[in-house]
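Worksheet: one structure, shown below.
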Amino acid sequence: MAWGKEKKTYTTGKGYLRYKDSKKYVHRAVAEKKLGRPLPKGAVVHHVNENKQDNRPSNLKVYSSQKQHMQAHRGFFSWF
């Protein structure tokens, strides 16, 4: 970090990055930019590699609901 530049994000207690000025989650802002529109109400943004700090657009998948998100998790973990 360069001198005189304030960090624009902080890490929440659950490990997600948030912007200091708006309190918006970074992964949700990145997903909205990727989609070119605001996320609909109830949408869940999933980190594909499970790293909450990895907010690259290619690592984010948007689900329309928490139910859909959990179904995807069950499918992913069903082979264990």
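The values are calculated or read from the model by the stated rules, or taken from the named source; none is laboratory data. In this text the structure is predicted, and so the values were computed from the model without any measurement. All Cβ positions, even for glycine, are placed from backbone atoms using ideal geometry, and neighbour counts span all protein chains on display.
Tabulated data
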item	result
Inter-residue pairs, beta-carbon under 6 Å, first β-branched (Val, Ile, Thr) and in the stretch 13-32, second part of a loop (DSSP other than H, G, I, E, B) and crowded, with 18+ Cβ neighbours inside 10 Å, 6+ apart	Val26/Asn55; Val30/Asn55
Selection from the stretch 5-25 of residues that are surrounded by 10 or more Cβ atoms within 10 Å (Cβ to Cβ) and of a type in the set (Ser, Thr, Tyr)	Thr9, Tyr10, Thr11, Thr12, Tyr16, Tyr19, Tyr25
Any hit, the stretch 21-31, residues being among the basic types (Lys, Arg) and within 11 Å of the chain's Cα centre (by Cα)	yes
Residue list for the stretch 32-48, restricted to those being under 12 Å from the mean Cα position of the chain (by Cα) and under 18 Å from Met70 (Cβ atoms)	Leu39, Ala43, Val44, Val45, His46, His47, Val48
From the options Val30, Val44, Val62, residue that is under 20 Å from Lys8 (Cα atoms) and surrounded by 17 or more Cβ atoms within 10 Å (Cβ to Cβ)	Val30
Those residues of the stretch 57-80 which are free of Cβ contacts under 8 Å to residues at least 12 places away in the same chain and under 12 Å from the mean Cα position of the chain (by Cα), in sequence order	Ser58
Count - residues of the stretch 22-67 that are acidic (Asp, Glu) and at pLDDT 95 or above	2
